[in-house]
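Report on the following structure.
The values are calculated or read from the model by the stated rules, or taken from the named source; none is laboratory data. Treat the numbers as computed from the prediction; the structure is a model and nothing was measured. Backbone-built Cβ (ideal geometry, glycine too); neighbour counts: all protein chains shown. Just so you know, the surface numbers come from the protein's heavy atoms only, side chains and all, with ligands and any DNA or RNA stripped out. Shrake-Rupley method; radii C 1.70, N 1.55, O 1.52, S 1.80 Å.
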Amino acid sequence: MAEPMKKLVDLLVEEHRRLLALTGELETILPLKSARPPDRTQLRRVLEQFIELMTTHGQLEVTELFPALGKRVPQADHWQIKMLEIQDEAILSEARHLYEWIVEHPATDSLGKRREDSTRLIRWAREHVGFEEERLFPRLLSNGR
């Protein structure tokens, strides 16, 4: 059981690296404290990649990670698994919202609110990665409760 769990964690960590790289690109393209208009083509590309990766990442967590976690934590802690699912959905929803706005308003230069949205998306994604890698994955790999 330990080897399949290690492979799953390694795959999720690899996806996390890609998510973090995309958040770095978002931060560069749409910085919070900048008046310059972003490269919308580049922004769309990064958001498309982020959404695609977060969709598959979330599916992997729901089908593989969360069931494995459910077997390792006490029933009283299963609410935390549900919170992780909700967090995945919130990150994906925020990314889709930002993408839809960019697509629907291609000529708008006023991006103040979108810059705030992207900052929130970046923060949530980084917090998600940090929590899983610092607290969740070590617990899974140690088989500890």
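Some notes on this structure:
- Compared with the alpha-carbon gap, the fully stretched path from Lys113 to Phe131 is longer by 3.8 nm at 0.36 nm per residue.
- Counting only DSSP H runs of at least 4 residues, each contributing -39500 (n - 2.57), and dividing by the residue count of the chain, the helix-based mean residue ellipticity at 222 nm comes to -25500 deg cm²/dmol.
- Considering only alpha-carbon pairs that sit under 8 angstrom and 6 or more positions apart, the relative contact order computed for the chain is 38 percent.
- Förster radius 25 Å - calculated FRET efficiency between Leu11 and Val103 (Cβ-Cβ, nearest 0.05): 0.25
- Positive-end residue, the chain charge dipole about Cα centroid, Cβ charges, pick of Gln75, Gly130, Gln49: Gly130
- Taken per residue, the accessible surface of the chain reaches 55 Å², heavy atoms only and a 1.4 Å probe.
- Accessible surface of the range 26-143, 1.4 Å probe, proportion on carbon and sulfur as whole %: 53
- Kyte-Doolittle mean at least -1.0, axial Cα span of 18 Å or more - DSSP H helices of the chain: 2-29, 40-60, 78-104
- Using the Cβ-Cβ distance between Ser142 and Thr28 with R0 = 41 Å, the FRET efficiency computed as 1/(1 + (r/R0)^6) comes to roughly 0.65.
- Scaled to the globular estimate 2.2 N^0.38 Å, the Cα spread of the chain, given as radius of gyration, is 1.16.
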